[in-house]
Amino acid sequence: MTTTKQDTDAPRTLRALEDGRSSVRLRAAMMVGTTPDPRWVGPLVERCAVEPEFLVRDMLTWALTRHPVALTLPALVRELRSERARARSQALHTLSKIGDRRAWPAVTRALLSDADDEVARSAWRAAVVLVPEGGESALAAVLATQLGRGERETQLSLSRALVALGETVVSALRTAATAPDPRMRTHALATRQLLRDPDAGFEFAIEEAKRVVALGGPGREGL
């Protein structure tokens, strides 16, 4: 059997993916993506679950997108059931980059409402990319249950996901705007403002929505 240079370098590359220096891990992920090999899918997915540096995780995702979907998709879908939040989050992020809608059934309501904000944000972004045609309204209804959740970054991420679904979200926003929770009402109104005027800016939309909620409006007709 002929031994290739890639075979010889494999143990070294695997060690580099686990090196304590982020620059070394980044170069290793880039190399794996530049010369794809099916044997790397498992190690790449495993590294995604524990990699602390954003730039390295992004390179790991890129490397995975360079491999056959038939190999990456099952491995990433399995990660969605992991107990580790980072594993779930990065798998969702990678699935959104691959963009293969066969992954859609794996983006469950449990992930869309995951207790970990980073996982939930990744699930919202992935869902918008993967939702099949005709499923936007149902997705909007699920996403709307998360309105009012978290701090600015999380709320902005959810608003962007809803706005990306277009006019199909109007009904869900209208319902959320009459919810008992003032945070949910405020977030629903701000998202509706962004849908109407994407250039308005999230901070302006939120402040305007807070003012409207404080004044006791609007009713359903106001949306």
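Coordinate-derived values only; no laboratory data. If you're wondering where the values come from, they're calculated on a predicted model, not measured in any experiment. We place every Cβ from the backbone using ideal geometry, glycine too, and count neighbours over all the protein chains shown.
What per residue convex hull volume, in Å³, do the alpha-carbon atoms of the chain yield?
Normalising the Cα hull of the chain by residue number yields 129 Å³.
What is the calculated FRET efficiency for residue 152 to residue 34, with r their C-beta to C-beta distance and R₀ = 41 Å, to the nearest 0.05?
On the way: r = 37 Å, r/R0 = 0.91.
For R0 = 41 Å, the calculated efficiency reads 0.65.
Find the centroid of the Cα atoms in segment 12-87 and in segment 94-160, then give the distance between the two in whole Å.
22
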